[in-house]
1. Whole number please: convex hull volume per residue of the Cα set in region 92-178, in Å³?
2. Let me know the whole percent of all Cα-Cα pairs from region 121-251 that are separated by more than 22 Å.
3. How high is the relative contact order of region 105-211? Use alpha-carbon pairs under 8 Å, at least six apart in sequence, and give a whole percent.
4. Round to the nearest 0.05 the FRET efficiency obtained for SER209 and GLU74 when R0 = 51 Å and r is the Cβ-Cβ distance.
5. Which value results when the Cα radius of gyration for region 32-92 is divided by 2.2 N^0.38 Å?
6. Just from its helices, what would the mean residue ellipticity at 222 nm be for the chain, if runs of 4 or more DSSP H residues each count -39500 (n - 2.57) and the sum is divided by every residue, rounded to the nearest 500 deg cm²/dmol?
7. Using amide H atoms built in the peptide plane, which far-off residues or other-chain residues are under 5 Å from GLY158 H to H?
8. When the convex hull of the Cα atoms of region 206-308 is projected onto a plane and the area is averaged over all directions, what value comes out in nm²?
Amino acid sequence: MSFPTPVRYPPPGLPESVSVYEVGARDGLQNESVILSVEVKAEFVRRLVGAGLRTIEATSFVSPKWVPQLADAEALLPLLPEGDALRFPVLVPNRAGLARARAAGASQVAVFAAATESFSRRNLNRSLDEALAMFAPVVSEAVGARMWVRGYVSMCFGDPWEGRVPVEQVVRVAGRLMEMGCAELSVGDTIGVATPGHVHDLLGALVASGIPLAQLAVHFHDTYGQALANTLAALEAGVTIVDASAGGLGGCPYAGSATGNLATEDLVWMLNGLGVDSGVDLGQLVQTSRWMAGHLGRPSPSRVVAALGPDPEQG
Ligand code: HMG
Ligand code: MG
C-alpha cells in the first residue's frame, strides 16, 4: 500500500519551495525529562537526514547547569553525518559557548534574544540590552570566522509575564540582531499564542523595517493549535524558511504550559497538499518520530504521526 498523502491542491500566491529548519534535536530534546544518550541523538539526526532534512539544529553550547539535556554537545558534533548540503547549526549564548562550538567543529551558530525583559532575565540571566551586548561580540567573532549566524527573537507575540508584546518591541530587537551581522532572523512564538492576523502584521513590520523576506524564518510552538494556521499566514506573506520539530517534540504533555514546536510531519503534510516542495520524505520522517517516541517512552504529539497509526512492522 502506498503511503497516504493529501491531494495536491496548490493555491495561488505561495512560494514554490520551503526550507524546513528542523529543531527537534535541540528545541525538542532540551525540554524532555528523559535524557537520551549521545548515540541515540546522533542516530536521530542521521535518520532526519535520511528523511531529506538538510538543516538540522543539532544542540546547544549553553551552560550545562541550565540545560543538562544538551550537556553532551561536544560529544555529539563529531558523530554527525558529513555532506556539502548539510548544515547543523548550534545555539551559543556567549563567547564561552562560541569557543566550545568552534572547538567542536561547528560552522553555523545561532544566538537567541528575547523581545521581552522578563524572558531575557529568565532565559539568559540578563536584561534585554545586556543580552544583546553579550551577543554582539559573539556574532562579530563568528562572522569574522566565516561562520553562518542565525538570530532568534523569542516571545514575539506574547509573554507569560508581560502579556501582549508590541510589534515595535520585536522590530527593535530584530534590527539589533541584523545590524550585528546575523544572516537569518527567526521570529519565535515561544508559548504558541500567535494567530494569523498577528503573524501577518509582525512580518509586514519586520519587512518594512528593512529585513529582507528571504532572511526571515518563523518558529511556531503549537500550544493552542495555531502553528499550522500561522505558518500558512507566513507563507502567504512570502516567508520560505519554517522551523519545525520532528514528531512535535518538546514541552511536557502532562503540564499545562507550552507544548512542543509545530510538528515537522504536520508541516510537510500541509506543504504536500499545497504543492510546496520541501524535499522531505514524509514516510521516513514518520518512521523516525515513531522510533524516537519509543526512546522517550511516550507517543508523538504530531497529528500526522498519530493519524497514520502505529508502525505496522512493530505491531
Ligand atoms: P549565568 O549563570 O548568568 O552565566 O548564565 P555566567 O556567565 O555567570 O556563568 C555561570 C556558570 O556557567 C560558570 O560556571 C560559567 O563558566 C558557565 P561555574 O563557574 O559556575 O562553574 N557557563 C558556561 N558553561 C558552558 N557553556 C557556556 C557557558 N556560559 C557560562 N556557554 C547563560 C548565563 C547565558 C550561560 C545561561 O543563562 C544559559 O546558558 N542560558 C541558556 C538557556 C537556554 O538554553 N534556553 C533554551 C534555548 S532558547 C529557546 O528555546 C527559544 C527558541 O527556541 C526560540 C523560541 O521558541 O522562541 C530559540
Ligand atoms: Mg522554540
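1. Numbers: hull volume 7.0 nm³, N = 87.
Here the figure is 80 Å³ per residue.
2. Distances greater than 22 Å cover 35 percent of the Cα pairs.
3. Details: 165 pairs, mean separation 31.1, N = 107.
The normalised contact order for region 105-211 reaches 29 percent.
4. Efficiency at R0 = 51 Å is approximately 0.85.
5. Against the compact-globule rule of thumb, the ratio is 1.10.
6. Numbers: 11 runs with 119 residues, N = 315.
For the chain, the value works out to -11500 deg cm²/dmol.
7. Answer set, sorted by chain and number: VAL165.
8. Spelled out: convex hull of the Cα atoms, projected over all directions, averaged, 7.2 nm².
Taken together, the values in this text are just the output of simple stated rules run on the coordinates, not laboratory data. Keep in mind that this is a model prediction, so the values were computed, not measured. Cβ coordinates were reconstructed from backbone atoms using ideal geometry, including for glycine residues, and neighbour counts include every protein chain displayed.
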